[in-house]
1. Out of the residues in segment 43-54 that are modelled with pLDDT of 95 or more and surrounded by fewer than 17 Cβ atoms within 10 Å (Cβ to Cβ), which is farthest from residue 73 (Cα to Cα)?
2. Mind checking whether some residue in segment 21-35 is out of contact with any helix residue (DSSP H, G or I) (no Cβ under 8 Å at 6 or more places or on another chain) and part of a strand (DSSP E or B)?
3. Output the residues belonging to segment 43-66 that are farther than 23 Å from residue 122 by Cβ and either part of a strand (DSSP E or B) or out of contact with any helix residue (DSSP H, G or I) (no Cβ under 7 Å at 6 or more places or on another chain) (or both).
4. Going through 120, 79 one at a time, which residue ends up being in contact with a strand residue (DSSP E or B) (Cβ under 9 Å, 6 or more places away or on another chain), modelled with pLDDT of 95 or more and surrounded by fewer than 16 Cβ atoms within 10 Å (Cβ to Cβ)?
5. Would you check if residue 96 is out of contact with any strand residue (DSSP E or B) (no Cβ under 6 Å at 6 or more places or on another chain) and without any contact (Cβ under 8 Å) to a residue 24 or more places away in the chain?
6. Quick check on this structure: which one of 76, 69 is closer than 23 Å to residue 15 by Cα, in a strand (DSSP E or B) and touching a residue at least 24 places away in the same chain (Cβ under 8 Å)?
7. Go through the residues of segment 94-114 one by one and say whether even a single one is under 17 Å from residue 17 (Cα atoms) and modelled with pLDDT under 95.
8. Answer with yes or no whether residue 63 is free of Cβ contacts under 8 Å to residues at least 12 places away in the same chain, within 18 Å of residue 36 (Cα to Cα) and over 11 Å from the mean Cα position of the chain (by Cα).
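The values are calculated or read from the model by the stated rules, or taken from the named source; none is laboratory data. Bear in mind the structure is a predicted one, so any value in this text is a computation, not a measurement. We place every Cβ from the backbone using ideal geometry, glycine too, and count neighbours over all the protein chains shown.
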């Protein structure tokens with residue numbers, strides 16, 4: 001627990017530990033998030049997270065969905081965070097892979113988000129890691 005306190009994000013008059021587990025999918029759950037598309041997506045998520053001062057704790061890109069565990073400042077609501085991530089990544093993927101955009105929207109409209117307490121972070125990390133391990137056996 002001590003290392004959690006030392007890594008808590010801080011500003012001049014505030015400190016926080018707000019962590020979300022976010023999952024979203026490509027439209028029609030198409031299995032398109034592979035190879036160079038997955039790498040571009042990873043870079044885009046990392047860029048947007050830096051811009052929003054959010055810290056990526058874990059990221060698993062599966063062919064048909066994304067798991068993201070992220071800590072974000074309290075000024076950013078979960079819906080705003082998802083809106084920025086999905087919007088920015090859709091534009092990046094559409095520019096670099098125009099055939100994805102020709103099929104309509106890249107992302108499905110919805111998403112799933114939950115907040116994580118300090119204890120459940122480890123369970124969530126284990127789950128995301130297990131998803132990556134399962135994918136490598138396919």
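1. 43
2. Looking through segment 21-35, at least one residue is out of contact with any helix residue (DSSP H, G or I) (no Cβ under 8 Å at 6 or more places or on another chain) and part of a strand (DSSP E or B).
3. Selection gives 43, 47, 50, 51, 53, 63.
4. Answer to the selection: 79.
5. On the way: out of contact with any strand residue (DSSP E or B) (no Cβ under 6 Å at 6 or more places or on another chain): yes; without any contact (Cβ under 8 Å) to a residue 24 or more places away in the chain: no.
Here the answer is no, as residue 96 does not meet what is asked.
6. 69
7. Taking every residue of segment 94-114 in turn, at least one turns out to be under 17 Å from residue 17 (Cα atoms) and modelled with pLDDT under 95.
8. It is false that residue 63 is free of Cβ contacts under 8 Å to residues at least 12 places away in the same chain, within 18 Å of residue 36 (Cα to Cα) and over 11 Å from the mean Cα position of the chain (by Cα).
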